[in-house]
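Peer 1: One structure, as structure tokens, below. Some questions next.
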Amino acid sequence: MQIIPVLDLSRGQVVHAKKGSRKHYRPIQSSLCASSHPLEVVRSYIGLYPFRTLYVADLDAIERHGDNREVIRVLGLEYPDLEIWLDTGLSLVDHYLKNPDMFSLRIILSTESLHSASAAASLMKDHPGHPFILSVDHRSGELLGSPDILRTRDWWPTDIIILNLDLVGTKEGMSLPGGLNCEGLFDQYNVYYGGGISSLAELMHLKDLGAAGALLATSLHDEMICREDLLCFGQ
């Protein structure tokens, strides 16, 4: 199972995401590094463990209040061997798809930003060579996005993220959203889970479920999951 560290960007800084309430996000305070500068935070991640993938959320682009494309470009240049999974909402998808050689990049299509399943399917059809990732976002037990995204799964890519926004940044423990038939998803897709993971035991539970990976931020910054724990997954 792959462990993927998370970088939430706003106004050029790494912020602490909590419960999806973006207006309340503040610059990260971390036991790993003394700075909220993106390069410093990524450097601390790599110093902790040789991660091969980084999840990046450009929160300004998602909210359509500017973007962090220059920060992301610099990250890609500084760490060319690090695959970046990038969520910008839909505002910058065309920009990144038209510049595929800038760095190793995979676009995340988040249900929060999708108006319909057909819109997402059309985007994927127009770019058949790109390895899209679908993020199935939930809050308060409900899907964020159009309900037809769950009803019509024939267009879903192989890799999906289950993101429980109620638990992001809380350290309250993981919980798979109800009503999603997650057991079936683990059988059909490469499932990556994010939200509330706070211990090695929870990572092991995800592994036993058949998860392909887990997204971590708060538990790394607060040293609730350490290098020795990460070594259990042999990356």
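Peer 1: For the range 139-144, just list the computed ³J(HN,Hα) in residue order, Karplus coefficients 6.51, -1.76 and 1.60, θ = phi - 60°, integers in Hz, with x standing in for Gly and Pro.
Peer 2: Values, residue by residue: 9, 6, x, 10, 5, 8 Hz.
Peer 1: Over the range 23-62, with a single point scatterer placed on each C-alpha, what log10 of the ratio I(q)/I(0) does the Debye formula yield at q = 0.14, 0.31 1/Å?
Peer 2: With one equal scatterer per Cα and no solvent, log10 I(q)/I(0) is -0.37, -1.16.
Peer 1: Same structure, new question: Once amide H atoms are built 1.01 Å from N in the peptide plane, which residues 5 or more positions from Leu216, or in another chain, come under 5 Å H to H?
Peer 2: Excluding prolines and chain starts, which carry no amide H, the hits are Ile4, Val6.
Peer 1: Multiply the residue separation of Lys171 and Leu77 by 0.36 nm, subtract the distance between their alpha-carbon atoms, and state the gained length in nm to one decimal.
Peer 2: Going from the current span to full extension adds 30.6 nm.
Peer 1: Using the alpha-carbon centroid of each, what span in Å lies between the range 149-192 and the range 53-108?
Peer 2: Cα centroid of the range 149-192 versus Cα centroid of the range 53-108: 22 Å apart.
Peer 1: Still on this structure, please answer the following. Please state the shape class of the chain: rounded when a/c is under 1.5, otherwise prolate if a/b exceeds b/c and oblate if not, all from the C-alpha gyration tensor.
Peer 2: In terms of gyration-tensor shape, rounded.
Peer 1: Give the relative contact order (percent, whole number) for the chain; include only Cα pairs under 8 Å separated by 6+ residues.
Peer 2: That works out to 21 percent.
Peer 1: Pop out the ³J(HN,Hα) list for the range 148-163 in order, Karplus 6.51 cos²θ - 1.76 cosθ + 1.60 with θ = phi - 60°, rounded to Hz; leave Gly and Pro as x.
Peer 2: Residue by residue, the range 148-163 yields 5, 5, 7, 6, 10, 9, 5, 8, 4, x, 5, 9, 10, 10, 9, 10 Hz.
Peer 1: Still on this structure, please answer the following. If you average the alpha carbon positions of the range 124-141 and of the range 193-235, how far apart do those two centres end up, in angstrom?
Peer 2: With the range 124-141 and the range 193-235 each reduced to a Cα centre, they are spaced 23 Å.
Peer 1: Follow-up. Give me the three principal axis extents of the range 89-218 from the C-alpha atoms, as integers in angstrom, largest value leading.
Peer 2: 41, 33, 25
Peer 1: Can you work out ³J(HN,Hα) from phi for every residue in the range 207-216, in order, using Karplus 6.51 cos²θ - 1.76 cosθ + 1.60 and θ = phi - 60°, giving whole Hz and x for Gly and Pro?
Peer 2: Once rounded to whole Hz, the list reads 4, 5, 6, x, 5, 7, x, 9, 9, 10.
Peer 1: With each label point set 7 Å from Cα along the Cα-Cβ vector, what nm distance links Ser35 and Asp222?
Peer 2: About 2.5 nm, to one decimal.
Peer 1: Based on DSSP H runs of at least 4 residues, each adding -39500 (n - 2.57), what is the mean residue ellipticity at 222 nm of the chain after dividing by all its residues, to the nearest 500 deg cm²/dmol?
Peer 2: After summing the helix terms and dividing by residue count, I get -7500 deg cm²/dmol.
Peer 1: Express as a percent, rounded to the nearest 5, the fraction of DSSP beta bridges in the chain (both residues included) that run antiparallel.
Peer 2: In the chain, approximately 15 percent of DSSP beta bridges are antiparallel ones.
Readers should treat all values here as calculations from the given coordinates under stated rules, not as data from a laboratory. Keep in mind that what you see is a predicted model, and the values were worked out from it rather than measured. Positions of Cβ are backbone-derived with ideal geometry, glycine not excepted, and every protein chain shown enters the neighbour counts.
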